[in-house]
Amino acid sequence: MTPKEQVLGSIRRGLRRSALSDEQAAPLRQRVAAHPRHLIPARSRIDHAAQITLFIANVTKEYGTVIRVGGVADVPGAISDYLASQNLPSRIVVAPHPALRDVPWHDRPLLEIREGRAGPLDPVSVTQGFAAIAETGTLMLPSAPERPTTLNLLPDTAIVVLQASRVVGPYEDAWDLLRAEGGMPRNVMFVTGPSRSADIEQTLELGAHGPRNLHVVLIEDHVS
């Protein structure tokens, strides 16, 4: 038995239920294979250029920031300028993603770059965004060796480099993209703005459970 089957077997025994018969399991397998669509709000049923505009508006509404750049060559300058404008250190930890390795970091020699996972003392992280959902201004960040999850959680400032072509309308389109490009990873993080909480006296506190700042560098690769 696989570990998954062992866990599910333990749950069934705890509930005093037997394993599903093939007849009982068939409709469940069909549903999983079909990926039925849920209700999709009309605000995401727009052309791609409008989806990008909606994504930026929603990120801004959720206390994040977005800068649009013309290509990969502009990424180091955009990040350096952002760090300077926020009075943040130039020491960054970068995801070991092939697309980020193509970035000409040497154009900004004052940036101190380390590649790999983030640690508790790393102030700024840079990761590659897998996809973005215009419907809510949300980033989709599946875990992978080239996209360590710690980059999304530990640093006080998270910077996500995202291709404009990866902006989709609804969540369903983002899931379709993930399934088409390798299937389900260990986990998928959905990030909508910086971490925040208003649990105490309804006072908004940024950085409550993760990054205090979220900045998106949007590369205009081929926007329609």
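The values are calculated or read from the model by the stated rules, or taken from the named source; none is laboratory data. Just so it is clear, the model here is predicted, and its values are computed rather than measured. Counting neighbours? That spans all protein chains shown, and the Cβs are built from the backbone with ideal geometry, glycine included.
Overview of values
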item: Where ASN87 falls short, out of the listed (1) loosely packed, with under 11 Cβ neighbours inside 10 Å; (2) touching a Pro at 6+ places or on another chain (Cβ under 7 Å); (3) of a type in the set (S, T, N, Q); result: (2)
item: Some residue of the range 136-149 being within 19 Å of ILE67 (Cβ to Cβ) and part of a loop (DSSP other than H, G, I, E, B); result: yes
item: Residues (within 15 Å of ALA164 (Cβ to Cβ), under 17 Å from the mean Cα position of the chain (by Cα) and not in a helix (DSSP H, G or I)) located in the range 48-71; result: VAL66, ILE67
item: Among (1) on the phi < 0 side of the Ramachandran plot; (2) in contact with a Gly (Cβ under 8 Å, 6 or more places away or on another chain) - the single one GLY137 does not satisfy; result: (1)
item: Of all residues making up the range 2-37, the number that are at positive phi and exposed (fewer than 10 other Cβ atoms within 10 Å of the Cβ); result: 1
item: From ALA49, ALA57, residue being more than 21 Å from ALA99 (Cβ to Cβ) and out of contact with any Gly (no Cβ under 9 Å at 6 or more places or on another chain); result: ALA49
item: Given (1) closer than 13 Å to VAL160 by Cβ; (2) in contact with a helix residue (DSSP H, G or I) (Cβ under 8 Å, 6 or more places away or on another chain); (3) of a type outside the set (D, E, K, R), number of the condition ILE79 does not satisfy; result: (2)
item: Close pairs (8 angstrom Cβ cut-off, 6 or more residues apart or separate chains): in contact (Cβ under 8 Å) with a residue 24 or more places away in the chain and of a type in the set (Lys, Arg) in the range 42-63, surrounded by 13 or more Cβ atoms within 10 Å (Cβ to Cβ) and in a helix (DSSP H, G or I) anywhere; result: ARG43/LEU54
item: Filtered residue count, the range 64-74, keeping only those that are surrounded by fewer than 16 Cβ atoms within 10 Å (Cβ to Cβ) and either touching a strand residue (DSSP E or B) at 6+ places or on another chain (Cβ under 9 Å) or touching a residue at least 40 places away in the same chain (Cβ under 8 Å) (or both); result: 3
item: Candidate set from the range 1-60 (those that are of a type in the set (Val, Ile, Thr) and within 30 Å of VAL217 (Cβ to Cβ)); member that is modelled with the lowest pLDDT; result: ILE40
item: PRO109 being assigned to a loop (DSSP other than H, G, I, E, B), within 18 Å of VAL161 (Cα to Cα) and of a type outside the set (S, T, N, Q); result: no
item: Boolean, VAL126 is over 15 Å from the mean Cα position of the chain (by Cα), surrounded by 22 or more Cβ atoms within 10 Å (Cβ to Cβ) and either assigned to a helix (DSSP H, G or I) or in contact (Cβ under 8 Å) with a residue 24 or more places away in the chain (or both); result: no
item: Checklist (1) touching a Leu at 6+ places or on another chain (Cβ under 8 Å); (2) under 20 Å from VAL160 (Cα atoms) applied to SER85, failing item; result: (1)
item: Of all residues making up the range 75-88, the number that are touching a residue at least 40 places away in the same chain (Cβ under 8 Å) and in a helix (DSSP H, G or I); result: 5
item: Meets criteria (part of a loop (DSSP other than H, G, I, E, B), modelled with pLDDT of 80 or more and within 20 Å of VAL66 (Cβ to Cβ)) for PRO185; result: no
item: Any chance ARG43 is among the charged types (D, E, K, R) and closer than 30 Å to VAL160 by Cβ; result: yes
